[in-house]
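The values are calculated or read from the model by the stated rules, or taken from the named source; none is laboratory data. Owing to the predicted nature of the structure, the values given are computational and were not obtained by experimental measurement. Here Cβ is always computed from backbone atoms with ideal geometry, including for glycine, and neighbour counts include all displayed protein chains.
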2 protein chains.
Amino acid sequence: MIVNFAQRAHNHNFEADWIVRSLLDTDFYKLLMLQFIWKHYARLPVTFSLINRTTRISLAAQIDEAELRRQLDHARSLRFRRSELTWLAGNSFYGRRGIFEPAFIDWLSGFHLPEYRLDYRDGQVALCFEGVWSETTMWEVPALSIVNELRTRTNLARMSEFELDLFYAHAKAKLWSKINTLRGIGDLAVSDFGTRRRHSFLWQEYVVGAMAAELGKSFTGTSNVFLALKHDLEAIGTNAHELPMVLAALESDRGGLRDAQYRVLELWQQTYGGALLVMLPDTFGSAQFLANAPSWATDWTGIRIDSKDPFLAGEEYIDWLQARGADPGTKRVLFSDGLDVDDIVALHRQFGGRIKDGYGWGTLLTNDFRGFHPRGASDFEPISLVCKVTEAAGRPVVKLSDNSGKATGSAAEIARYRKVFGQAGIARAPVLV
Amino acid sequence: MIVNFAQRAHNHNFEADWIVRSLLDTDFYKLLMLQFIWKHYARLPVTFSLINRTTRISLAAQIDEAELRRQLDHARSLRFRRSELTWLAGNSFYGRRGIFEPAFIDWLSGFHLPEYRLDYRDGQVALCFEGVWSETTMWEVPALSIVNELRTRTNLARMSEFELDLFYAHAKAKLWSKINTLRGIGDLAVSDFGTRRRHSFLWQEYVVGAMAAELGKSFTGTSNVFLALKHDLEAIGTNAHELPMVLAALESDRGGLRDAQYRVLELWQQTYGGALLVMLPDTFGSAQFLANAPSWATDWTGIRIDSKDPFLAGEEYIDWLQARGADPGTKRVLFSDGLDVDDIVALHRQFGGRIKDGYGWGTLLTNDFRGFHPRGASDFEPISLVCKVTEAAGRPVVKLSDNSGKATGSAAEIARYRKVFGQAGIARAPVLV
C-alpha cells in the first residue's frame, strides 16, 4: 500500500476535529420550533441547562474542560451558509414547500449561538445557556452532541489500534443485525432520531447511510437537518417539550397553567399545518392531556409517545380517537422513547395496520456500543444526558412526564404542578437513555 | 467513501510516530564497521557529536527538545529482533554468506544504543554520544535521521491539508522525472544512500520502492539495512571516515599518523575481502593517500569518491591504476558526494565503459523538496548535518577531506594534520548536503 503522505502529515498535525460542522447539524424540530419562537416569543429570557441524569458517571472526569470550551467556541463561530439557507427556503418538508418564511430565513442569516456558562463542579459539567429563547434554544442539540462525542473521544483514546478495529467491527456487525431484523418485517417507517446522543457525527452518518441503503422505503429519514441536506433524505420532527414547559411557566394561576399545553397546539396550528400537526401530550402527563383536550385536537395528524409505556400509550390514543369518533387508521403515532430494534418489532406487531406507526430511533441507533469494550470497561455505556429549559422569564420551569424518572424542575415546583395536573397514568420506569 | 473509524480514532490519539523503527534502520557500512570495531577496538572511548554545517539554520528553533528526547529514548529502547539477527547471519551480502561471525551476532543480541547528552544552546542542538566505540558508533545514523525527520515534521505542521497534498504531488513528480532520466540511460548502478538525511522514513521507503520498481537492474540496492531486509534488496556500503580518523587520532608521531590510513586497509582486508574492499581515500586528502599507498592497495576492488570533484577524482583513480599496471575496467568507482540526477548522468557519460561506475545517491534522492513549499518558504531546503567522531581515547579527532569545507576538528589540530598530509588536491567547494 502506498502511504498517503499528505493525509498522514495532516492527521498528525490537525488543529482539531470539530464536532459540530454546521448549524444545520441539529434536529429538524429545533428549526420548526425556532420559527415558532421567533414569531411568538423571540425576546423571552430562557435558560437551558445540561443535566446528566446518569449521576454515577462523572462527566468532568471524562471531558477535558479546555477541549470542551474549544468545541463550544467553534460552534459559536458557525453561521448558516448561504447554500443551507437556500435549501431551507426551497426544499419541501413533509411534502410542503415554503415552510420557512422569507423573513425568518433572513433572520437566520444573522444567527449565531449565544454565550455559554461553564463550570466544573462536583464531578459534573455544569453548562448552561442564558439569553433570549430564540437564541438559547439552538444550543440544546449541539451542546449534547459535543459533550457526548468528547466523552466518546476520551474513551477511544484509551484503546489500542487493534482494540479500536475490533470495537468498530462489533458495532458494525450489531448494526447490520438490527438492519436485518427490520428488513425482515417489510413495510415500516423508521427514522433516525439519534443526533443528540450519538457516538460521533461520523458514526451517525455511517448509520444513516447504512439504513438508507439497506432499508429502502422503510427508512423514512433523519431528524438531523445537516444529514438530510447532505444525503437528500427527509428531515423528520415537529416539536418538543420546551414549548408547553415555557408557556406553562409563564402562567400564574391554575387555569392558565392547565391550559398552556393547549395554547401551544393553538399557536402551532396557526403557524404550521398538515403533517406537522403532531401532538406531544406527555409534558405534564398524557392522560390528563387527552382527557381535557379541545375537540379540534382530534383533527391533528398524530401523536408522539415519548415517556409512557408505548404499548399502553398507543392503545390510549386509539381509544381516545375512537371515543371522539375519529378513525385511527388515518392517524399517525410516532414512538421515540429509548427504542431499540426489539421494541420496534413488538410495537409494529401490535399497532401495524391499526394506525400509521412510525419510529424515531435515537440513542440505541447511533450510540449502541454496549458490551463492545475489548477490556470490558463500561466506558461506552450510553448515559442519559439532557439539555432542558430550567427557567423562563425568571420563573422555574417544570416537566412532569409520564415517567416520573424523567421529571425536571425543583421538588416544590413539581409538587405544585402535580396538584394541577394530577398523577393519572404516571409511572416510574428506568431511564436508560 | 466509508470512514475507517478505527484508523481515524487512532490517528487522532496516537502516542507517537517513532522515527527509528529498528536498529537495522541504519547504513549497512555501520554494521560492517561495527564488527570491525568489535573485533579490534571494542572498548576504545570515542565521542560522536552532531554538527550542523548549515549554521544559518537554527535547529533549536525547528526541533522541540521534549520530542527529540522521546525519539532518542525510543531508539535506545530498541533491540535487534531475533528475525533480524537470523537474517544478518543467513543472508548473503555482496555475494557472500556469513559475513557476520556467530560471536558478533551473539553480541548484537544484547546490543542497545548508549546514553546521549543533549543541550540546546546558541540556537543549535548540541547532541553527543560518549562511550565505547562499539556502542557510540551506532548512534550516527539514527541521530541524524531523527533530527532530520523532526525538522520535517515541524515544517509539515505549518502547512494546510491542501498545501501538503500539493507539496507531495510536486515531490512525486520530481522523483518520477529523475527516474525517467535514469531510465533513459540504460545500464547503470545506482543505489540509495539517503537514510541519514531523509525527509522521513516513509518517504525514503516510497522512493526506494519506486526506484526498485522502475529502474530494474540499474537500481542496485540501498544502504538502509532495514529496507533491504523488508523489501529483499541488496544492502550496500562498506566503510567510512571514522575508521582512519580514529586510528590516526591514536598515533603520536608523524609517521604513525601518516600510516594510520593504510593500517585501516590492512585490518579491513584481514576482516573482510572481495567486493567489500572499497577504499575511501579522502579522509586526509586523496592525492597523498594514493601517492603513498602500499602496492597491495592496487588489488582492492575499488574506491569511493566522497569529497573531491568527482570528474577529477575518477580520472585520478584511473591514472593511478594504470600507473600501477592495473586494468581500470575490472575496478569499481563509487560516487557518493551530494549527487543529483544530472551529476549521475554526466559522470556516467565520462566513466561508463572505462571503469565499473556506481552511484550512492543520498540526500537529493530521499530529501529533495527544494522549491516545493507552497508559500515559498525555505523550510525544506536540505541542510548539511553530520554526526562525526570528535574525540578518541581522550584525543581530538580530525578529518581534512578533499573539500576543505568538510574538514572537521579544531583549527590547531587541522593545522597539525595539514603539516603531515600536505594540501595536494584539496579545494574549497560549497557543501550543499
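Residue-level analysis places A:ARG43 outside the set of residues that are within 14 Å of chain B (Cβ to nearest Cβ), touching a helix residue (DSSP H, G or I) at 6+ places or on another chain (Cβ under 9 Å) and basic (Lys, Arg). With a requirement of 2 or more residues that are within 23 Å of B:ASN11 (Cβ to Cβ) and within 14 Å of another protein chain (Cβ to nearest Cβ), the helices (runs of 4 or more DSSP H) lying completely within region A:129-203 that satisfy it span A:140-156, A:161-185. In the set (1) over 30 Å from A:LEU23 (Cβ atoms); (2) touching a residue at least 24 places away in the same chain (Cβ under 8 Å), A:ALA169 fails one condition alone, (2).
If the condition is being surrounded by fewer than 24 Cβ atoms within 10 Å (Cβ to Cβ) and under 12 Å from B:ASP402 (Cβ atoms), then region B:267-288 contributes B:ALA287, B:GLN288. Restricting attention to region B:1-25, the residues being over 13 Å from B:ILE146 (Cβ atoms), at the interface with chain A (Cβ under 9 Å from one of its Cβ atoms) and part of a loop (DSSP other than H, G, I, E, B) number 4. When each of B:ALA249, B:ALA260 is tested for being farther than 15 Å from B:SER92 by Cα, in contact (Cβ under 8 Å) with a residue 60 or more places away in the chain and buried (at least 18 other Cβ atoms within 10 Å of the Cβ), the lone residue that passes is B:ALA249.
For (1) touching a Lys or Arg at 6+ places or on another chain (Cβ under 7 Å); (2) of a type in the set (S, T, N, Q); (3) within 14 Å of chain B (Cβ to nearest Cβ), each residue gets a yes or a no:
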| position | (1), (2), (3) |
| --- | --- |
| A:GLU214 | yes, no, yes |
| A:SER223 | no, yes, no |
| A:LEU229 | no, no, no |
| A:ALA240 | no, no, no |
| A:LEU243 | no, no, no |
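Here region A:110-125 is the region considered, the condition is being more than 24 Å from A:SER200 (Cβ to Cβ) and part of a strand (DSSP E or B), and the residue that is modelled with the lowest pLDDT is A:ARG121.
Inspect all residues belonging to region A:217-226 and state whether any of them is in contact with a helix residue (DSSP H, G or I) (Cβ under 8 Å, 6 or more places away or on another chain) and surrounded by fewer than 17 Cβ atoms within 10 Å (Cβ to Cβ). Scanning region A:217-226 turns up no residue that is in contact with a helix residue (DSSP H, G or I) (Cβ under 8 Å, 6 or more places away or on another chain) and surrounded by fewer than 17 Cβ atoms within 10 Å (Cβ to Cβ). Among the helices (runs of 4 or more DSSP H) confined to region A:234-338, the ones with at least 1 residues that are more than 18 Å from A:ALA189 (Cβ to Cβ) and of a type in the set (Lys, Arg) are located at A:254-271. Scan region A:290-301 and report the pairs whose first residue is within 11 Å of A:LEU265 (Cα to Cα) and whose second residue is among the aromatic types (Phe, Trp, Tyr) and surrounded by 15 or more Cβ atoms within 10 Å (Cβ to Cβ), with Cβ atoms within less than 8 Å and a gap of 6+ or a chain change. Listed pairs, sorted by first residue: A:ALA293/A:TYR262; A:PRO294/A:TYR262; A:ALA297/A:TYR262.
The residues of region A:165-195 that are within 22 Å of A:LEU144 (Cβ to Cβ), in contact with a strand residue (DSSP E or B) (Cβ under 7 Å, 6 or more places away or on another chain) and of a type outside the set (Val, Ile, Thr), listed by number, are A:SER191, A:ASP192, A:PHE193, A:GLY194.
Flag: B:ILE51 does not match the condition of being aliphatic (A, V, I, L, M) and within 14 Å of chain A (Cβ to nearest Cβ).
Scanning region B:89-107 for residues that are surrounded by 15 or more Cβ atoms within 10 Å (Cβ to Cβ), out of contact with any helix residue (DSSP H, G or I) (no Cβ under 6 Å at 6 or more places or on another chain) and in a helix (DSSP H, G or I) yields one hit, B:TRP107. Criterion applied to B:LEU385, B:LEU400 was being touching a Gly at 6+ places or on another chain (Cβ under 9 Å) and either surrounded by fewer than 19 Cβ atoms within 10 Å (Cβ to Cβ) or of a type in the set (A, V, I, L, M) (or both), and the one residue passing it is B:LEU400. Checking every residue in region B:57-77 against the condition of being within 19 Å of B:PRO114 (Cα to Cα) and touching an Asp or Glu at 6+ places or on another chain (Cβ under 7 Å) gives zero matches.
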